[in-house]
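Visitor: Take a look at this one; I'll ask things after.
A short reminder: the numbers here are calculations on the coordinates, not readings from a lab. As the structure is a computational prediction, the values presented were derived from the model and not from experiment. Quick reminder, even Gly has a Cβ in these numbers, built from the backbone with ideal geometry, and neighbours come from all protein chains shown.
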Ligand SMILES: Nc1ncnc2c1ncn2[C@@H]1O[C@H](COP(=O)(O)OP(=O)(O)O)[C@@H](O)[C@H]1O
Ligand SMILES: [Mg+2]
């Protein structure tokens, strides 16, 4: 799946990085906890979040993320979008809630980033 | 030290949420310029961001320093207090005393110290209530 496919599935609007929609995405993570994101996510992962502050961008920068999805129609300020563009991020916003956005992406074949912890879902 | 390739110090203020993360972004940029591998770069970046945020969220202010030698990247965080009363508890995943402000920004999951330990090849934490906390992390380059 690439970012354009995600845009279609989520009826999303592209806020920046229009020219990078061909970028492939391999896994996804949905969280508002930046420490969880820092612990588990890698650069092939798209982050779905409801947080639209500067720390989401800094976290994305630390991890070299390629794409952020803001749920529930959230739109960050222009300064954040400018910075996101400089970082080479694609930022999209979907009218769907985080739950529904994840469901739609899962249905379309995208899976969660593999996470290891003692009771991890790999055992499901 | 004579074989030091890079040394930098970043003062970090308590509760300065606006600048929080800038030191780590600069550290990452510098290491990238030095040609540090993507794997090490990523681990340093994650640990550095967590330790920098801890200085902002939990400490009375301190200094984050970076030292690169041919064999390793070293990160040292040294603060002026208040110190950690129970280190075992602090190291536990999920334990957090973070403020509402920190939580509203996406921090306070109690994963920071475990994240640092997991990402660094060498990890050492020393803390004394009333004096402060020092965390040293090493990332091997070879
Ligand atoms: N530099 C520090 N000074 C004082 N207390 C600290 C410091 N770093 C961490 N702590 C304590 O350790 C706890 C756990 O830290 P951490 O694992 O990073 O989780 P979090 O930052 O999400 O609370 C903190 O909630 C705090 O009580
Ligand atoms: Mg922390």
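Visitor: Would you be able to say whether some residue in the range B:66-78 is farther than 16 Å from residue A:37 by Cβ and within 14 Å of chain A (Cβ to nearest Cβ)?
Guide: yes
Visitor: Out of (1) within 22 Å of residue B:109 (Cα to Cα); (2) away from ligand 2 (no atom under 12 Å from the Cβ); (3) out of contact with any helix residue (DSSP H, G or I) (no Cβ under 9 Å at 6 or more places or on another chain), what's the single condition that is false for residue B:59?
Guide: (2)
Visitor: As an exercise: evaluate residue A:65 against (1) under 24 Å from residue B:40 (Cβ atoms); (2) outside any loop (DSSP other than H, G, I, E, B); (3) touching a strand residue (DSSP E or B) at 6+ places or on another chain (Cβ under 7 Å) and give the number of the one condition it does not meet.
Guide: Residue A:65 satisfies every listed condition except (2).
Visitor: Of B:90, B:102, which residue is touching a residue at least 12 places away in the same chain (Cβ under 8 Å), near ligand 1 (Cβ under 9 Å from one of its atoms) and over 15 Å from the mean Cα position of the chain (by Cα)?
Guide: Within the list B:90, B:102, the selection yields B:102.
Visitor: Of everything in the range B:56-75 that's farther than 17 Å from residue B:20 by Cβ and part of a loop (DSSP other than H, G, I, E, B), which residue is nearest to ligand 1 (Cβ to nearest atom)?
Guide: B:69
Visitor: Quick check on the range B:1-18: of everything there that is within 15 Å of the chain's Cα centre (by Cα) and exposed (fewer than 14 other Cβ atoms within 10 Å of the Cβ), which residue is farthest from the other protein chains (Cβ to nearest Cβ)?
Guide: Taking the candidates together, the pick is B:9.
Visitor: Could we say that residue B:113 is away from chain A (no Cβ under 13 Å), under 11 Å from the mean Cα position of the chain (by Cα) and within 9 Å of ligand 1 (Cβ to nearest atom) here?
Guide: It is false that residue B:113 is away from chain A (no Cβ under 13 Å), under 11 Å from the mean Cα position of the chain (by Cα) and within 9 Å of ligand 1 (Cβ to nearest atom).
Visitor: Given the structure, is residue B:53 part of a helix (DSSP H, G or I) and away from ligand 2 (no atom under 12 Å from the Cβ)?
Guide: No: the conditions fail for residue B:53.
Visitor: Also: Just wondering, is there one or more residues in the range B:24-47 that are in contact with a strand residue (DSSP E or B) (Cβ under 9 Å, 6 or more places away or on another chain), in a helix (DSSP H, G or I), within 13 Å of ligand 1 (Cβ to nearest atom) and within 11 Å of chain A (Cβ to nearest Cβ)?
Guide: Yes, some residue in the range B:24-47 is in contact with a strand residue (DSSP E or B) (Cβ under 9 Å, 6 or more places away or on another chain), in a helix (DSSP H, G or I), within 13 Å of ligand 1 (Cβ to nearest atom) and within 11 Å of chain A (Cβ to nearest Cβ).
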